[in-house]
Amino acid sequence: MAAPNLILFMPDELRADALACYGNPVARTPNFDRLAAEGVRFASCHVQFPVCGASRCSLLTGWPAHVRGHRSLYYFLRPEEPNLFRYLRRAGYDVYWFGKNDALAAASFPASVTEWRDRSPPMTPQTLALYASGGTTPGATTMLFPASGDRRESGDYANVAAAIRLIEQRDSPRPFCLFLALSQPHPPYRAPDGFHDLHRPDDVPPLVPPDLPGKPPFHAALRQAMALTGVSEAVLREVRAVYLGQASFSDWLLGELLEALDRTGLTADTVVFATSDHGDYAGDYGLVEKWPAGLEDCLTHVPLIVRAPEGAQGHVVGELTELYDIMATMLELAGAPAEHTHFARSLCPQLMGAAGDPGRAAYAEGGYNPYEPQAFEPLIGGLYGPKTRLQNERPETVARCSAIRTATHRLIHRPSGQSELYDCLGDPGLTRNLIDEPACADVRDALRQRLLDWYVNTSGVPASDKDARGAPPFLRTPDFGETAQVARFLDAG
(Lines give C-alpha, C1' and ligand atoms only; values in the text may rest on other atoms or scores of the structure.)
Protein backbone atom coordinates (compact mmCIF):
# COMPACT_ATOMS: atom_id res chain seq x y z
CA MET A 1 0.00 0.00 0.00
CA ALA A 2 1.37 3.39 -1.00
CA ALA A 3 2.22 5.84 1.75
CA PRO A 4 -0.59 8.39 2.15
CA ASN A 5 -0.26 12.13 1.88
CA LEU A 6 -0.29 13.80 5.28
CA ILE A 7 -1.79 17.19 6.19
CA LEU A 8 -1.33 18.82 9.58
CA PHE A 9 -3.81 21.70 9.85
CA MET A 10 -2.85 23.65 12.97
CA PRO A 11 -4.61 26.83 14.04
CA ASP A 12 -2.72 28.55 16.85
CA GLU A 13 -4.21 28.72 20.36
CA LEU A 14 -7.46 26.83 19.62
CA ARG A 15 -8.97 25.30 22.75
CA ALA A 16 -11.08 22.20 22.23
CA ASP A 17 -14.30 23.62 23.64
CA ALA A 18 -14.36 26.33 20.96
CA LEU A 19 -15.73 23.75 18.51
CA ALA A 20 -19.28 22.48 18.21
CA CYS A 21 -18.15 18.87 17.93
CA TYR A 22 -16.49 19.26 21.34
CA GLY A 23 -19.72 20.38 22.94
CA ASN A 24 -19.85 24.14 22.49
CA PRO A 25 -23.55 24.94 22.07
CA VAL A 26 -23.09 28.16 20.08
CA ALA A 27 -19.92 27.51 18.07
CA ARG A 28 -20.26 27.50 14.30
CA THR A 29 -17.63 25.07 13.08
CA PRO A 30 -19.27 22.91 10.37
CA ASN A 31 -15.99 21.83 8.76
CA PHE A 32 -14.35 20.62 11.96
CA ASP A 33 -17.65 18.88 12.67
CA ARG A 34 -17.64 17.33 9.20
CA LEU A 35 -14.09 16.10 9.66
CA ALA A 36 -15.08 14.50 12.98
CA ALA A 37 -18.08 12.81 11.34
CA GLU A 38 -15.87 11.45 8.56
CA GLY A 39 -12.98 10.47 10.83
CA VAL A 40 -11.97 10.08 14.46
CA ARG A 41 -12.32 12.69 17.18
CA PHE A 42 -10.02 12.40 20.17
CA ALA A 43 -12.14 13.89 22.93
CA SER A 44 -9.41 14.41 25.52
CA CYS A 45 -6.13 15.37 23.85
CA HIS A 46 -3.71 17.46 25.92
CA VAL A 47 -0.54 19.36 25.03
CA GLN A 48 2.84 19.06 26.74
CA PHE A 49 3.40 22.82 27.31
CA PRO A 50 1.05 25.83 27.18
CA VAL A 51 3.28 27.99 24.93
CA CYS A 52 3.73 27.71 21.14
CA GLY A 53 7.41 26.89 20.73
CA ALA A 54 7.74 24.34 23.51
CA SER A 55 4.52 22.60 22.54
CA ARG A 56 5.53 22.29 18.89
CA CYS A 57 8.99 21.01 19.80
CA SER A 58 7.31 18.27 21.84
CA LEU A 59 4.93 17.47 19.01
CA LEU A 60 7.76 17.00 16.49
CA THR A 61 9.99 14.90 18.79
CA GLY A 62 7.69 12.94 21.09
CA TRP A 63 9.65 14.40 24.00
CA PRO A 64 8.33 16.18 27.10
CA ALA A 65 9.89 19.61 27.46
CA HIS A 66 12.23 18.51 30.24
CA VAL A 67 14.10 16.03 28.02
CA ARG A 68 16.04 18.81 26.26
CA GLY A 69 14.82 21.95 28.01
CA HIS A 70 12.66 23.29 25.19
CA ARG A 71 10.75 25.68 27.44
CA SER A 72 11.13 28.84 25.40
CA LEU A 73 9.80 30.82 22.48
CA TYR A 74 13.41 31.26 21.38
CA TYR A 75 14.91 27.78 21.59
CA PHE A 76 13.83 25.43 18.80
CA LEU A 77 14.87 22.05 17.39
CA ARG A 78 18.42 22.08 16.09
CA PRO A 79 20.06 19.87 13.43
CA GLU A 80 21.43 17.39 15.98
CA GLU A 81 17.94 16.81 17.39
CA PRO A 82 15.32 14.58 15.75
CA ASN A 83 12.11 15.90 14.28
CA LEU A 84 9.11 14.42 12.50
CA PHE A 85 9.59 16.28 9.24
CA ARG A 86 13.20 15.19 8.76
CA TYR A 87 12.11 11.57 9.21
CA LEU A 88 9.44 12.07 6.56
CA ARG A 89 11.93 13.64 4.14
CA ARG A 90 14.22 10.65 4.59
CA ALA A 91 11.27 8.34 3.94
CA GLY A 92 10.67 9.93 0.53
CA TYR A 93 8.15 12.63 1.37
CA ASP A 94 8.12 16.17 0.09
CA VAL A 95 7.41 18.37 3.12
CA TYR A 96 5.77 21.77 2.65
CA TRP A 97 5.42 24.29 5.46
CA PHE A 98 3.19 27.34 5.04
CA GLY A 99 2.78 29.72 7.96
CA LYS A 100 4.55 30.63 11.17
CA ASN A 101 7.55 28.77 12.61
CA ASP A 102 7.96 28.36 16.39
CA ALA A 103 9.42 24.86 16.00
CA LEU A 104 12.65 24.51 14.00
CA ALA A 105 15.91 26.41 14.28
CA ALA A 106 16.90 27.99 10.99
CA ALA A 107 19.66 25.45 10.39
CA SER A 108 17.17 22.57 10.65
CA PHE A 109 14.93 23.62 7.76
CA PRO A 110 17.02 22.49 4.74
CA ALA A 111 17.16 18.83 5.84
CA SER A 112 13.59 18.78 7.15
CA VAL A 113 11.41 20.80 4.77
CA THR A 114 11.23 20.85 0.98
CA GLU A 115 9.66 24.30 0.78
CA TRP A 116 8.74 26.72 3.53
CA ARG A 117 7.24 30.17 3.47
CA ASP A 118 5.05 32.40 5.57
CA ARG A 119 2.90 34.46 3.21
CA SER A 120 1.46 36.63 5.97
CA PRO A 121 1.77 40.28 4.97
CA PRO A 122 3.85 42.53 7.25
CA MET A 123 1.86 44.56 9.73
CA THR A 124 1.24 48.11 8.66
CA PRO A 125 2.26 51.08 10.82
CA GLN A 126 -1.44 51.66 11.46
CA THR A 127 -1.87 48.12 12.80
CA LEU A 128 1.24 48.37 14.95
CA ALA A 129 -0.03 51.63 16.41
CA LEU A 130 -3.41 50.05 17.06
CA TYR A 131 -1.85 47.10 18.88
CA ALA A 132 0.28 49.41 21.01
CA SER A 133 -2.92 50.58 22.69
CA GLY A 134 -3.53 47.15 24.23
CA GLY A 135 -7.11 46.95 23.03
CA THR A 136 -10.33 48.87 22.62
CA THR A 137 -11.05 48.80 26.36
CA PRO A 138 -9.60 52.04 27.75
CA GLY A 139 -6.98 51.54 30.44
CA ALA A 140 -6.81 47.74 30.12
CA THR A 141 -4.92 45.25 27.96
CA THR A 142 -7.83 43.12 26.83
CA MET A 143 -6.30 42.39 23.40
CA LEU A 144 -9.78 43.05 21.99
CA PHE A 145 -9.88 45.00 18.70
CA PRO A 146 -12.29 45.79 15.86
CA ALA A 147 -12.76 43.45 12.90
CA SER A 148 -9.71 42.99 10.69
CA GLY A 149 -11.34 43.35 7.25
CA ASP A 150 -11.59 41.04 4.25
CA ARG A 151 -10.96 37.39 5.11
CA ARG A 152 -9.01 36.95 1.87
CA GLU A 153 -6.51 39.63 2.82
CA SER A 154 -5.36 37.78 5.94
CA GLY A 155 -2.09 35.95 6.30
CA ASP A 156 -3.89 32.72 7.15
CA TYR A 157 -5.84 32.84 3.92
CA ALA A 158 -2.66 33.54 1.95
CA ASN A 159 -1.02 30.45 3.43
CA VAL A 160 -4.06 28.23 2.88
CA ALA A 161 -4.36 29.54 -0.70
CA ALA A 162 -0.71 28.58 -1.27
CA ALA A 163 -1.47 25.09 0.03
CA ILE A 164 -4.46 24.81 -2.30
CA ARG A 165 -2.34 25.85 -5.28
CA LEU A 166 0.15 23.17 -4.33
CA ILE A 167 -2.63 20.57 -4.17
CA GLU A 168 -4.02 21.67 -7.54
CA GLN A 169 -0.72 21.86 -9.40
CA ARG A 170 1.37 19.12 -7.82
CA ASP A 171 2.55 16.49 -10.30
CA SER A 172 4.88 14.09 -8.51
CA PRO A 173 4.77 10.40 -7.60
CA ARG A 174 6.22 11.21 -4.17
CA PRO A 175 3.81 11.53 -1.24
CA PHE A 176 3.66 14.91 0.45
CA CYS A 177 3.31 16.22 3.98
CA LEU A 178 1.72 19.65 4.27
CA PHE A 179 2.04 21.62 7.50
CA LEU A 180 -0.31 24.59 7.76
CA ALA A 181 0.88 26.59 10.78
CA LEU A 182 -1.81 29.25 10.99
CA SER A 183 -2.17 32.26 13.29
CA GLN A 184 -5.84 32.40 14.22
CA PRO A 185 -7.43 32.25 16.75
CA HIS A 186 -4.32 33.56 18.51
CA PRO A 187 -4.90 37.01 20.06
CA PRO A 188 -5.32 39.86 19.47
CA TYR A 189 -9.00 39.09 19.55
CA ARG A 190 -10.12 40.25 16.12
CA ALA A 191 -11.57 38.31 13.24
CA PRO A 192 -12.30 39.16 9.60
CA ASP A 193 -15.57 40.72 8.56
CA GLY A 194 -18.37 38.19 8.76
CA PHE A 195 -16.72 36.34 11.62
CA HIS A 196 -15.90 39.06 14.15
CA ASP A 197 -19.54 39.59 15.15
CA LEU A 198 -20.74 36.09 14.32
CA HIS A 199 -21.39 35.21 17.97
CA ARG A 200 -23.35 37.33 20.44
CA PRO A 201 -21.60 37.88 23.79
CA ASP A 202 -24.85 37.18 25.63
CA ASP A 203 -25.07 33.75 24.01
CA VAL A 204 -21.67 32.34 24.93
CA PRO A 205 -21.50 29.74 27.72
CA PRO A 206 -20.71 31.05 31.22
CA LEU A 207 -17.11 32.02 31.88
CA VAL A 208 -15.11 30.68 34.81
CA PRO A 209 -15.14 33.56 37.34
CA PRO A 210 -12.02 35.42 38.53
CA ASP A 211 -10.64 35.75 42.07
CA LEU A 212 -11.19 32.12 43.02
CA PRO A 213 -9.49 30.91 46.23
CA GLY A 214 -6.56 28.52 46.03
CA LYS A 215 -5.30 29.78 42.70
CA PRO A 216 -1.58 30.40 42.04
CA PRO A 217 -0.44 34.02 42.57
CA PHE A 218 0.06 34.65 38.85
CA HIS A 219 -3.73 34.83 38.37
CA ALA A 220 -4.03 37.98 40.48
CA ALA A 221 -0.66 39.36 39.37
CA LEU A 222 -1.49 38.99 35.69
CA ARG A 223 -4.92 40.54 36.07
CA GLN A 224 -3.36 43.47 37.88
CA ALA A 225 -0.48 43.87 35.42
CA MET A 226 -2.89 43.95 32.47
CA ALA A 227 -5.42 46.13 34.36
CA LEU A 228 -8.07 43.44 33.95
CA THR A 229 -9.36 43.73 37.51
CA GLY A 230 -11.70 46.53 36.51
CA VAL A 231 -12.89 44.93 33.27
CA SER A 232 -16.54 43.95 33.36
CA GLU A 233 -17.89 40.49 32.67
CA ALA A 234 -19.63 41.93 29.61
CA VAL A 235 -16.26 42.83 28.08
CA LEU A 236 -14.84 39.41 28.89
CA ARG A 237 -17.85 37.79 27.23
CA GLU A 238 -17.17 39.92 24.18
CA VAL A 239 -13.59 38.60 24.23
CA ARG A 240 -14.96 35.05 24.21
CA ALA A 241 -17.47 35.83 21.47
CA VAL A 242 -14.79 37.26 19.17
CA TYR A 243 -12.50 34.33 19.99
CA LEU A 244 -15.26 31.97 18.86
CA GLY A 245 -15.53 34.05 15.68
CA GLN A 246 -11.82 33.53 15.11
CA ALA A 247 -12.34 29.80 15.56
CA SER A 248 -15.13 29.98 12.97
CA PHE A 249 -12.74 31.70 10.58
CA SER A 250 -10.25 28.86 11.10
CA ASP A 251 -13.11 26.48 10.37
CA TRP A 252 -13.83 28.27 7.08
CA LEU A 253 -10.17 27.91 6.10
CA LEU A 254 -10.36 24.20 6.86
CA GLY A 255 -13.41 23.98 4.63
CA GLU A 256 -11.51 25.61 1.75
CA LEU A 257 -8.77 23.03 2.16
CA LEU A 258 -11.14 20.06 2.34
CA GLU A 259 -12.98 21.27 -0.76
CA ALA A 260 -9.68 21.42 -2.67
CA LEU A 261 -8.88 17.83 -1.67
CA ASP A 262 -12.31 16.71 -2.86
CA ARG A 263 -12.05 18.63 -6.12
CA THR A 264 -8.63 17.24 -6.99
CA GLY A 265 -9.45 13.65 -6.01
CA LEU A 266 -6.80 13.60 -3.26
CA THR A 267 -9.22 12.94 -0.41
CA ALA A 268 -8.86 9.19 -0.97
CA ASP A 269 -5.05 9.38 -0.62
CA THR A 270 -4.67 11.88 2.21
CA VAL A 271 -4.79 11.70 6.00
CA VAL A 272 -5.88 15.00 7.53
CA PHE A 273 -4.94 15.94 11.10
CA ALA A 274 -6.63 19.00 12.64
CA THR A 275 -5.36 20.17 16.01
CA SER A 276 -3.69 23.07 17.85
CA ASP A 277 -0.62 23.76 19.96
CA HIS A 278 -2.45 24.96 23.10
CA GLY A 279 -5.57 26.80 24.22
CA ASP A 280 -6.45 30.28 25.46
CA TYR A 281 -8.02 31.75 28.60
CA ALA A 282 -10.39 33.85 26.45
CA GLY A 283 -12.00 35.40 29.53
CA ASP A 284 -11.90 32.43 31.90
CA TYR A 285 -10.60 33.31 35.38
CA GLY A 286 -10.76 36.96 34.28
CA LEU A 287 -7.70 36.37 32.07
CA VAL A 288 -6.88 36.65 28.40
CA GLU A 289 -4.38 34.90 26.12
CA LYS A 290 -2.16 32.39 27.99
CA TRP A 291 0.59 32.14 30.60
CA PRO A 292 3.75 29.97 30.49
CA ALA A 293 3.01 28.53 33.94
CA GLY A 294 -0.74 28.11 33.37
CA LEU A 295 -1.76 24.45 33.21
CA GLU A 296 -5.55 24.59 33.36
CA ASP A 297 -7.60 22.46 30.97
CA CYS A 298 -8.52 25.52 28.89
CA LEU A 299 -4.83 25.84 28.00
CA THR A 300 -3.85 22.17 27.63
CA HIS A 301 -6.99 20.60 26.13
CA VAL A 302 -6.96 20.97 22.35
CA PRO A 303 -8.93 19.39 19.52
CA LEU A 304 -7.46 16.43 17.68
CA ILE A 305 -9.45 15.15 14.72
CA VAL A 306 -8.00 12.74 12.17
CA ARG A 307 -9.60 11.57 8.93
CA ALA A 308 -7.89 8.64 7.23
CA PRO A 309 -8.86 6.88 4.00
CA GLU A 310 -10.66 3.65 4.87
CA GLY A 311 -10.48 4.62 8.54
CA ALA A 312 -13.30 4.69 11.04
CA GLN A 313 -15.99 7.33 10.59
CA GLY A 314 -17.67 9.15 13.44
CA HIS A 315 -15.52 7.31 15.99
CA VAL A 316 -14.88 9.11 19.28
CA VAL A 317 -11.93 8.19 21.48
CA GLY A 318 -12.82 9.31 24.98
CA GLU A 319 -9.61 8.14 26.62
CA LEU A 320 -6.71 10.54 27.16
CA THR A 321 -4.20 11.17 24.40
CA GLU A 322 -1.32 13.62 24.08
CA LEU A 323 -0.51 16.03 21.28
CA TYR A 324 2.86 14.49 20.49
CA ASP A 325 1.11 11.22 19.60
CA ILE A 326 0.75 12.86 16.19
CA MET A 327 4.44 12.22 15.57
CA ALA A 328 4.26 8.49 16.21
CA THR A 329 1.02 8.22 14.24
CA MET A 330 2.36 10.01 11.17
CA LEU A 331 5.54 7.95 11.19
CA GLU A 332 3.60 4.69 11.30
CA LEU A 333 1.34 5.84 8.48
CA ALA A 334 4.43 6.77 6.44
CA GLY A 335 6.25 3.53 7.21
CA ALA A 336 9.13 5.52 8.69
CA PRO A 337 10.17 4.25 12.13
CA ALA A 338 11.71 6.73 14.57
CA GLU A 339 15.39 6.27 15.28
CA HIS A 340 15.35 7.96 18.68
CA THR A 341 13.80 7.18 22.05
CA HIS A 342 10.52 9.00 22.45
CA PHE A 343 7.34 8.79 24.50
CA ALA A 344 4.60 9.33 21.93
CA ARG A 345 2.14 6.56 21.08
CA SER A 346 0.78 5.78 17.65
CA LEU A 347 -2.95 6.32 17.34
CA CYS A 348 -3.28 4.17 14.22
CA PRO A 349 -5.40 1.53 16.02
CA GLN A 350 -7.83 4.24 17.05
CA LEU A 351 -8.02 5.52 13.47
CA MET A 352 -9.41 2.09 12.59
CA GLY A 353 -12.01 2.23 15.37
CA ALA A 354 -10.21 0.88 18.44
CA ALA A 355 -10.65 2.36 21.89
CA GLY A 356 -7.88 4.21 23.68
CA ASP A 357 -6.03 3.28 26.85
CA PRO A 358 -8.41 3.74 29.81
CA GLY A 359 -5.55 3.94 32.29
CA ARG A 360 -3.55 6.55 30.44
CA ALA A 361 -2.67 9.96 31.89
CA ALA A 362 -1.56 13.13 30.13
CA TYR A 363 1.37 15.17 31.41
CA ALA A 364 2.25 18.82 30.93
CA GLU A 365 4.93 21.23 32.07
CA GLY A 366 5.20 24.97 32.26
CA GLY A 367 7.34 27.90 33.30
CA TYR A 368 11.03 28.77 33.47
CA ASN A 369 13.79 28.59 36.07
CA PRO A 370 14.89 32.02 37.35
CA TYR A 371 18.52 31.06 36.65
CA GLU A 372 17.90 30.47 32.92
CA PRO A 373 17.44 33.95 31.44
CA GLN A 374 17.71 32.50 27.94
CA ALA A 375 14.23 30.99 28.39
CA PHE A 376 12.44 34.19 29.43
CA GLU A 377 10.57 36.28 26.93
CA PRO A 378 12.34 39.60 26.28
CA LEU A 379 10.79 42.85 27.39
CA ILE A 380 8.58 44.14 24.59
CA GLY A 381 5.94 46.81 24.38
CA GLY A 382 2.40 47.02 23.13
CA LEU A 383 0.10 44.06 23.70
CA TYR A 384 2.78 42.01 25.42
CA GLY A 385 4.36 44.76 27.48
CA PRO A 386 2.50 43.95 30.74
CA LYS A 387 3.04 40.19 30.40
CA THR A 388 6.73 40.33 29.64
CA ARG A 389 7.39 42.89 32.37
CA LEU A 390 5.64 40.68 34.92
CA GLN A 391 7.70 37.63 33.92
CA ASN A 392 10.98 39.49 34.15
CA GLU A 393 10.26 41.58 37.23
CA ARG A 394 8.54 38.82 39.20
CA PRO A 395 9.99 35.52 37.96
CA GLU A 396 8.27 33.64 40.77
CA THR A 397 4.99 34.10 38.89
CA VAL A 398 6.33 32.06 35.99
CA ALA A 399 8.29 29.42 37.92
CA ARG A 400 8.45 25.87 36.62
CA CYS A 401 5.56 23.54 37.29
CA SER A 402 4.16 20.26 36.04
CA ALA A 403 0.80 18.57 35.86
CA ILE A 404 -0.82 15.19 35.48
CA ARG A 405 -4.32 14.84 34.03
CA THR A 406 -6.26 11.61 34.43
CA ALA A 407 -9.79 10.82 33.36
CA THR A 408 -11.04 12.17 36.68
CA HIS A 409 -8.51 14.58 38.21
CA ARG A 410 -5.85 17.18 37.50
CA LEU A 411 -2.88 17.73 39.80
CA ILE A 412 -0.64 20.76 39.19
CA HIS A 413 2.59 20.60 41.18
CA ARG A 414 4.36 23.90 41.84
CA PRO A 415 7.54 23.36 43.89
CA SER A 416 7.81 27.06 44.73
CA GLY A 417 4.16 28.08 44.78
CA GLN A 418 0.51 27.12 45.09
CA SER A 419 -0.10 23.56 43.98
CA GLU A 420 -3.55 22.54 42.80
CA LEU A 421 -5.83 19.49 42.68
CA TYR A 422 -9.18 19.39 40.90
CA ASP A 423 -12.02 16.97 40.38
CA CYS A 424 -12.42 17.34 36.62
CA LEU A 425 -15.71 15.47 36.45
CA GLY A 426 -17.50 17.34 39.21
CA ASP A 427 -15.77 20.66 38.60
CA PRO A 428 -14.89 20.98 34.88
CA GLY A 429 -14.08 24.68 35.28
CA LEU A 430 -11.43 23.84 37.90
CA THR A 431 -12.85 26.30 40.38
CA ARG A 432 -12.27 24.49 43.70
CA ASN A 433 -8.70 23.64 44.65
CA LEU A 434 -8.75 20.42 46.68
CA ILE A 435 -5.02 20.19 47.35
CA ASP A 436 -5.38 20.55 51.12
CA GLU A 437 -8.68 18.68 51.53
CA PRO A 438 -8.15 15.70 53.89
CA ALA A 439 -10.71 13.65 51.98
CA CYS A 440 -8.62 14.02 48.82
CA ALA A 441 -5.25 13.15 50.35
CA ASP A 442 -5.12 9.65 48.84
CA VAL A 443 -5.88 10.94 45.34
CA ARG A 444 -3.34 13.76 45.72
CA ASP A 445 -0.58 11.46 46.95
CA ALA A 446 -1.22 8.86 44.25
CA LEU A 447 -1.02 11.51 41.53
CA ARG A 448 2.15 12.97 43.00
CA GLN A 449 3.75 9.54 42.96
CA ARG A 450 2.65 8.94 39.40
CA LEU A 451 4.04 12.33 38.34
CA LEU A 452 7.37 11.52 40.03
CA ASP A 453 7.50 8.13 38.32
CA TRP A 454 6.90 9.83 34.96
CA TYR A 455 9.84 12.18 35.51
CA VAL A 456 12.12 9.30 36.49
CA ASN A 457 11.12 7.31 33.42
CA THR A 458 11.35 10.15 30.88
CA SER A 459 14.29 12.26 32.09
CA GLY A 460 17.11 12.31 29.59
CA VAL A 461 17.33 10.39 26.33
CA PRO A 462 20.71 8.97 25.27
CA ALA A 463 21.81 9.24 21.67
CA SER A 464 21.13 6.23 19.46
CA ASP A 465 24.82 5.76 18.61
CA LYS A 466 27.56 4.84 21.08
CA ASP A 467 31.08 6.05 21.79
CA ALA A 468 34.09 3.78 22.22
CA ARG A 469 35.24 3.51 25.84
CA GLY A 470 38.93 3.41 25.08
CA ALA A 471 41.04 6.51 24.58
CA PRO A 472 41.82 7.28 20.93
CA PRO A 473 45.45 6.80 19.78
CA PHE A 474 47.70 9.79 20.31
CA LEU A 475 48.64 11.31 16.97
CA ARG A 476 51.67 13.56 17.07
CA THR A 477 51.16 16.78 15.16
CA PRO A 478 53.83 16.92 12.40
CA ASP A 479 55.19 20.39 13.11
CA PHE A 480 57.80 22.06 15.30
CA GLY A 481 58.06 24.54 18.11
CA GLU A 482 55.91 24.13 21.20
CA THR A 483 54.18 21.01 19.90
CA ALA A 484 57.51 19.29 19.36
CA GLN A 485 58.60 20.11 22.90
CA VAL A 486 55.40 18.58 24.27
CA ALA A 487 56.01 15.47 22.17
CA ARG A 488 59.54 15.03 23.58
CA PHE A 489 58.16 15.31 27.11
CA LEU A 490 55.57 12.62 26.39
CA ASP A 491 58.20 10.34 24.84
CA ALA A 492 60.42 10.75 27.88
CA GLY A 493 57.58 9.59 30.13
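The values are calculated or read from the model by the stated rules, or taken from the named source; none is laboratory data. The structure presented is a predicted model; accordingly, all values stated were derived computationally and were not measured. No Cβ is skipped: glycine too gets one built from the backbone with ideal geometry, and neighbour counts run over all protein chains shown. Just so you know, the surface numbers come from the protein's heavy atoms only, side chains and all, with ligands and any DNA or RNA stripped out. Shrake-Rupley method; radii C 1.70, N 1.55, O 1.52, S 1.80 Å.
Could you tell me which residue out of GLY382, TYR371, GLN184 lies farthest along the dipole of the chain toward its positive end? Charges go on the beta carbon: Lys and Arg +1, Asp and Glu -1, centred on the Cα centre.
TYR371
Ignoring solvent entirely, what values of log10 I(q)/I(0) come out of the Debye formula for the chain at 0.06, 0.08, 0.12 Å⁻¹ when each Cα is a single scatterer?
-0.29, -0.49, -1.07
Packing-wise, with mean Cβ within 10 Å as the measure, how do 334-342, 83-91, 364-372, 436-444 rank, highest first?
Result, highest mean Cβ count within 10 Å first: 83-91, 364-372, 334-342, 436-444.
Show me 303-314, 344-355, 287-298, 146-157 ranked by packing, highest mean number of other Cβ atoms within 10 Å first.
287-298, 303-314, 344-355, 146-157
Please work out, to two decimal places, the log10 of the ratio I(q)/I(0) at q = 0.16 Å⁻¹ from a Debye calculation in which every Cα of region 1-150 carries one identical scatterer.
Those come out to -1.20, one per q.
Put +1 on the Cβ of each Lys and Arg and -1 on the Cβ of each Asp and Glu in region 224-351; which of ALA225, HIS301, ALA312 then has its Cα farthest toward the positive end of the dipole?
ALA225
At a Förster radius of 45 Å, what calculated FRET efficiency corresponds to the Cβ-Cβ distance of VAL26 and ALA111, to the nearest 0.05?
0.50
Please work out the ratio of the alpha-carbon Rg of region 350-399 to 2.2 N^0.38 Å and round it to two decimals.
1.89
Once fully extended, how much extra length lies between ALA439 and LEU379, figured as 0.36 nm per residue of separation less the alpha-carbon to alpha-carbon distance?
Full extension from ALA439 to LEU379 adds 17.2 nm.
Return the FRET efficiency for the residue pair SER416, ALA468: r is the Cβ-Cβ distance, R0 is 35 Å, and the value is rounded to the nearest 0.05.
0.25
Please compute the length gained on full extension between GLU396 and VAL456, using 0.36 nm multiplied by the number of residues separating them and subtracting their Cα-Cα distance.
So the extension gain works out to 19.1 nm.
How about LYS290: which lysines have a C-alpha closer than 17 Å to its C-alpha, ignoring those fewer than 8 places off in the same chain?
Qualifying lysines at Cα under 17 Å: LYS215, LYS387.
In Å², and per residue, what accessible area does region 79-173 have when probed at 1.4 Å with the other protein chains present?
47
What whole number of Å gives the distance from the Cα centroid of region 237-288 to the Cα centroid of region 132-168?
13
Ordered by packing density, taken as the mean number of other Cβ atoms within 10 Å over each peptide's residues, highest first, how do 407-414, 5-12 rank?
5-12, 407-414
Relative contact order of region 1-122, please, whole-number percent, based on alpha carbon pairs below 8 angstrom and at least 6 residues apart.
Here the relative contact order equals 16 percent.
Could you go through region 90-97 in sequence order and give the Karplus-derived ³J(HN,Hα) for each residue, using 6.51 cos²θ - 1.76 cosθ + 1.60 with θ = phi - 60°, rounded to whole Hz, and x for Gly and Pro?
5, 7, x, 8, 8, 10, 10, 10
Could you grab the relative contact order for region 54-201? Cα pairs under 8 Å, six or more apart, rounded to a whole percent.
Across region 54-201, relative contact order equals 25 percent.
With all protein chains present, how much of the accessible area of the chain (probe radius 1.4 Å) comes from carbon and sulfur, to the nearest whole percent?
Here carbon and sulfur together make up 53 percent of the probe-accessible area.
Treating cross-link reach as a plain straight distance, find the aspartates and glutamates whose alpha-carbon is under 16 Å from the alpha-carbon of LYS100, omitting any fewer than eight places away in the same chain.
Partners found: ASP12, GLU13, GLU115, ASP118, ASP156, ASP277.
Rounded to the nearest 20 Debye, what is the dipole magnitude of region 312-399 about its Cα centre when Lys and Arg each give +1 and Asp and Glu each give -1 at the C-beta?
Result for region 312-399 is approximately 240 debye, rounded to the nearest 20.
Report the extension gain between ALA147 and VAL316 in nm, rounded to one decimal, defined as 0.36 nm multiplied by the number of residues separating them, less their alpha carbon distance.
Result: 57.3 nm gained on full extension.
Helix hunt in the chain: which complete DSSP H runs extend at least 24 Å axially by C-alpha with mean Kyte-Doolittle at least 0.0?
233-264
Please give every one of the aspartates and glutamates within straight-line cross-link reach of LYS466, meaning a C-alpha to C-alpha distance under 18 Å, and leave out same-chain neighbours fewer than 8 residues apart.
Of all the aspartates and glutamates, those that pass the test against LYS466 - Cα under 18 Å, at least 8 places apart if same chain - are GLU80, GLU81, GLU339.
State the answer as a single residue: which of VAL239, SER172, VAL443 lies farthest towards the positive end of the charge dipole of the chain, with beta carbon charges of +1 for Lys and Arg and -1 for Asp and Glu, about the Cα centre.
About the Cα centre, the residue reaching furthest to the positive side is SER172.
What accessible surface, in Å², does a 1.4 Å probe find on HIS301, ignoring ligands, DNA and RNA and rounding to the nearest 10?
Estimated to the nearest 10 Å², HIS301 gives 40 Å².
With only Lys, Arg, Asp and Glu charged, each at its Cβ (+1 for the first two, -1 for the last two), find how big the charge dipole of region 110-189 is about the Cα centre; round to the nearest 20 debye.
Result for region 110-189 is approximately 100 debye, rounded to the nearest 20.
What nm value, rounded to one decimal, do you get for the distance between THR408 and GLU339 when each label is placed 7 Å out toward the C-beta?
4.5
FRET efficiency for ASP197 and SER346, Cβ-Cβ distance as r, R0 = 35 Å, nearest 0.05?
0.25
Taking the Cα centre of the chain as origin, sum charge times position over the Cβ atoms of Lys and Arg (+1) and Asp and Glu (-1), and report the length of that vector in debye to the nearest 20.
Rounded to the nearest 20 debye, it is 640 debye.
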